[in-house]
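The structure under discussion appears below in the form of structure tokens.
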Amino acid sequence: MSAFLENFAERFAALNKDNLDLLGELYSDDVLFRDPLHEVHGLNEMRRYFAELYANVEALHFEFHGFDQVADGEGYLRWTMRYRHPRLRGGAEIAVEGCSHLLWRDRVYQHRDYFDAGALLYEHLPLLGSVIAWLKRRLA
């Protein structure tokens with residue numbers, strides 16, 4: 001288990017809308033952040049992205065349950081994200097499993113999240129959610 005990954009995960013899980021200045025302690029100025037829905041270049045853009053993210057949800061929490069260092073300065077975090085959004089699923093909690101691939105020196109300079117975008121968002125939209133549910137039943 002990597003001390004860097006454990007420390008990063010603990011500090012990342014403590015982020016909220018009121019302490020996004022702490023992103024600079026976790027990420028380099030030239031960080032590249034990608035997930036299935038976004039690509040963000042640089043620390044300033046990342047702060048804006050996280051500010052929007054926290055402004056649009058009622059609750060957001062990460063539980064980390066895997067810390068896998070695969071090389072010097074490279075590893076994966078496995079996690080469950082739990083969030084509530086007033087316009088998704090009637091404001092009920094939504095849980096999504098995922099993992100993050102991180103590259104770091106003293107701070108993370110590349111962060112890529114892998115998760116099911118449908119489970120995060122699309123399946124919970126009123127019209128699109130029913131279409132996705134129908135498609136999943138047909139393909140099963």
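When all protein chains stay in place, what accessible area (Å², nearest 10, 1.4 Å probe) is found for PHE115?
The accessible area of PHE115 comes to roughly 40 Å².
Once amide H atoms are built 1.01 Å from N in the peptide plane, which residues 5 or more positions from ARG107, or in another chain, come under 5 Å H to H?
Answer set, sorted by chain and number: none.
If we sort 75-82, 11-18 on the protection proxy, mean other Cβ atoms within 10 Å, highest first, what's the order?
Those peptides, ordered most packed to least, come out 75-82, 11-18.
Restricting to DSSP loop positions (anything but H, G, I, E, B) with no more than 13 other Cβ atoms inside 10 Å of their own Cβ, which GluC sites (Glu not before Pro) remain in the stretch 11-63? Present the calculation step by step, with values, prior to reporting the outcome.
On the way: sites: GLU25, GLU39, GLU45, GLU52, GLU58, GLU63; in loops: GLU58.
Here the GluC sites (Glu not before Pro) that fit, given the DSSP loop and packing criteria, are GLU58.
Going by average Cβ neighbours within 10 Å, how do the peptides 94-101, 64-71 rank, with the highest at the top? Present the calculation step by step, with values, prior to reporting the outcome.
Values: 94-101: 16.5, 64-71: 13.2.
Going from most to least packed, we get 94-101, 64-71.
The values are calculated or read from the model by the stated rules, or taken from the named source; none is laboratory data. As the structure is a computational prediction, the values presented were derived from the model and not from experiment. Ideal geometry is used to build each Cβ from the backbone, glycine not excepted, and the neighbour counts take in all protein chains shown. Side chains included, ligands, DNA and RNA excluded: accessible areas come from the protein's heavy atoms. Shrake-Rupley method; radii C 1.70, N 1.55, O 1.52, S 1.80 Å.
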